Amino acid sequence: MPNRSLARAIAGLTLLSCGTAQAQDVEAGRKKAEACIACHGPNGNSTDPQFPILAGQTARYTYLQLKDFQEGRRKHPTMDPFVAKLSRNDMLDLSAFFAAQRLRPPDFKVNEARARRGKAKAEETLCTMCHLGGFMGQNEIPRVAGQHYQYTVKQLRDFKAYRRTNDAGNMASVSKTLADRDIEDLGHFLAGLR
């Protein structure tokens, strides 16, 4: 039901804007993020391509993803028990911490021909309308520039197969138009952005 998803997103953004003064403590987030290092790496720079790089991610996006994990709209066996005990302020602090960190792009060998095709596909599907130029994201839209190739490809495939549905259907609409080759090409293009 798209209206419910839209209402949830608006409520989340309202909560975020109201909670800015009382939460979003980067130093408190640093301490809370110690539990995140095992998967997401120091300062959110994951070296394991199955886990996303959180460094430099938009705070709103990270907050909403944590909330979605906590409320069951998104699932992962490692994340589910971790987020279950987080308070709203914990999630805001973690989000602020990761947003304040500097991205260290992964060591991934980009295939330049595939990256060129990925760039053309991104232009064709108007990805920058949401992710912005440079694919740095905005508000609740994630930064996908410099993300792990494997993670990006998995997320696009999950959206296409409706295994991931916590975005009001926007990515499902886009990804269903993509062939497997397109998804892999986009992964090369995005992993190569700095």
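The values are calculated or read from the model by the stated rules, or taken from the named source; none is laboratory data. For clarity, every value in this text was computed on a predicted model and none was experimentally measured. In this analysis, Cβ positions are derived from the backbone assuming ideal geometry, glycine residues included, and neighbour counts consider all displayed protein chains.
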Exercise. Does segment 110-133 include one or more residues that are in a helix (DSSP H, G or I), at pLDDT below 95 and more than 15 Å from TYR61 (Cβ to Cβ)?
Worked result: yes
Exercise. Out of all the residues in segment 36-51, is one or more among the aliphatic types (A, V, I, L, M), over 21 Å from ASP167 (Cβ atoms), crowded, with 19+ Cβ neighbours inside 10 Å and out of contact with any strand residue (DSSP E or B) (no Cβ under 9 Å at 6 or more places or on another chain)?
Worked result: no
Exercise. Restricting the first residue to segment 28-41 and requiring it to be without any contact (Cβ under 8 Å) to a residue 60 or more places away in the chain, which pairs with a second residue that is surrounded by fewer than 17 Cβ atoms within 10 Å (Cβ to Cβ) and assigned to a helix (DSSP H, G or I) meet a Cβ separation below 7 Å and a spacing of at least six or different chains?
Worked result: ALA35/PHE82
Problem set entry | Qualifying positions in segment 134-154 - in contact (Cβ under 8 Å) with a residue 40 or more places away in the chain and in a helix (DSSP H, G or I) | GLY134, PHE135, TYR149, GLN150, TYR151, LYS154
For this session: Please determine, by comparing only the residues of segment 78-122 that are among the β-branched types (Val, Ile, Thr) and in contact (Cβ under 8 Å) with a residue 24 or more places away in the chain, which one is surrounded by the fewest Cβ atoms within 10 Å (Cβ to Cβ).
Result: THR78
